[in-house]
Amino acid sequence: FRTRSQFIQSTASVVFFSDIARIVSGDQSSVACAEDSVGKDLTRNTPRYVESEVQMKYGNDAKGNPRTRGVLVRRFTGDSTPYSFPPPRPISLVKEWPETPPFSKKDFFRADEGDDENFYNLPRLVYHIDEPAVASLTQYYRANVSPGSNILDICSSWVSHYPVEFPKMMKRISGTGMNALELLANDQLTDYEARNLNVNPTLPYDDNSFDVVTCVVSIDYLIHPIDVLKEVRRVLRPGGKVIISQSNRCFPSKAIAMWLNMNDRQHLEL
């Protein structure tokens with residue numbers, strides 16, 4: 001792998017996204033090859049990582065010159081890894097939920113009730129799950145999302161964990177999330193809108209707009225999850241899918257109390 005100095009000195013292409021510039025390292029032909037190989041063995045031609053430098057303007061100096069900060073990031077493609085995964089198997093859920101949700105306000109309390117927009121104000125550009133988890137999720141999406149779908153990724157960030165070919169194979173990939181700069185840096189989205197679903201638990205889309213809605217390791221941060229999932233149902237087309245992934249990692253200060261007091265099996269039941 002290249003060092004930062006080797007990366008900076010290498011031939012690179014620059015694409016400006018308003019106040020963000022992305023410098024993509026090296027030859028991207030392998031990515032293009034994978035994107036054009038619809039119906040073929042995509043994992044064989046896809047690189048394991050895509051490295052880039054994201055430059056963000058955060059102000060001007062005394063002379064009016066822009067001040068920027070560059071961050072070298074590595075995106076997992078979910079392909080060409082040494083990991084293998086057994087086929088998903090159904091799990092029998094035994095909890096029978098009553099018609100009226102049996103929750104109280106304290107179930108949705110958090111240790112940090114401060115403004116979420118302040119907490120997520122600065123783009124982190126990091127992963128919250130490890131590479132095997134990313135690869136497993138990416139392969140699941142590839143196997144279960146049909147080409148030509150309209151997809152919505154809620155609670156999104158600078159990565160959506162979709163296969164590299166999805167932007168060309170899908171009609172639309174929309175995203176909502178807390179940080180507009182992270183959404184801007186997400187090169188898999190065709191459109192996005194920053195939204196704090198804990199303040200406004202509605203989705204800015206028409207009824208029956210999407211075939212698939214995804215939510216990656218974020219359901220535990222929602223203080224109005226039932227309202228948000230009702231919105232998910234509204235924007236889904238008949239027969240659509242919602243894919244919710246979960247992790248045993250979290251920001252404990254921002255996860256709801258009910259989630260922190262449950263184990264992994266109970267999370268599935270919930």
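The values are calculated or read from the model by the stated rules, or taken from the named source; none is laboratory data. If you're wondering where the values come from, they're calculated on a predicted model, not measured in any experiment. Glycine also receives a Cβ, built like all others from the backbone with ideal geometry; neighbour counts cover every protein chain displayed. What goes into the accessible areas is simple: the full protein's heavy atoms, side chains included, and nothing from ligands, DNA or RNA. Shrake-Rupley method; radii C 1.70, N 1.55, O 1.52, S 1.80 Å.
Before moving on, here are some points about what is shown:
Yes/no matrix, rows are residues, columns are (1) part of a strand (DSSP E or B); (2) open to solvent by 20 Å² or more (accessible area, probe 1.4 Å); (3) at pLDDT 95 or above:
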| position | (1), (2), (3) |
| --- | --- |
| 102 | no, yes, no |
| 107 | no, yes, yes |
| 114 | no, yes, no |
| 127 | no, yes, no |
| 136 | no, yes, yes |
| 152 | yes, no, yes |
| 167 | no, yes, yes |
| 176 | yes, no, yes |
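- The set of residues in the range 180-231 being in contact with a strand residue (DSSP E or B) (Cβ under 6 Å, 6 or more places away or on another chain), at pLDDT 95 or above, outside any loop (DSSP other than H, G, I, E, B) and surrounded by fewer than 17 Cβ atoms within 10 Å (Cβ to Cβ) consists of 191, 193.
- Screening the candidates 107, 130, 187 for the property of being of a type in the set (Asp, Glu) and over 15 Å from residue 77 (Cα atoms) yields one hit, 107.
- Taking the conditions (1) charged (D, E, K, R); (2) closer than 24 Å to residue 101 by Cα; (3) in contact with a His (Cβ under 8 Å, 6 or more places away or on another chain) in turn, residue 249 satisfies each one other than (2).
- Exclusive hit being open to solvent by 40 Å² or more (accessible area, probe 1.4 Å), out of contact with any strand residue (DSSP E or B) (no Cβ under 6 Å at 6 or more places or on another chain) and assigned to a helix (DSSP H, G or I), set 249, 234: 234
- Test: residue 51 is surrounded by 14 or more Cβ atoms within 10 Å (Cβ to Cβ), modelled with pLDDT of 50 or more and either among the acidic types (Asp, Glu) or in contact with a helix residue (DSSP H, G or I) (Cβ under 8 Å, 6 or more places away or on another chain) (or both): yes
- Number of the exception - residue 71 against (1) more than 25 Å from residue 221 (Cα to Cα); (2) hydrophobic (A, V, I, L, M, F, W, C); (3) out of contact with any strand residue (DSSP E or B) (no Cβ under 8 Å at 6 or more places or on another chain): (3)
- Pairs where the first residue, in the range 106-118, is farther than 17 Å from residue 178 by Cβ and the second is open to solvent by 100 Å² or more (accessible area, probe 1.4 Å), C-beta under 9 Å, 6+ apart: 107/261
- Here residue 79 meets the list (1) free of Cβ contacts under 8 Å to residues at least 60 places away in the same chain; (2) surrounded by 10 or more Cβ atoms within 10 Å (Cβ to Cβ); (3) not polar (S, T, N, Q) almost entirely, failing just condition (1).
- In the range 24-48, residue least open to solvent (accessible area, probe 1.4 Å) [restricted to those that are in a loop (DSSP other than H, G, I, E, B) and at pLDDT 80 or above]: 46
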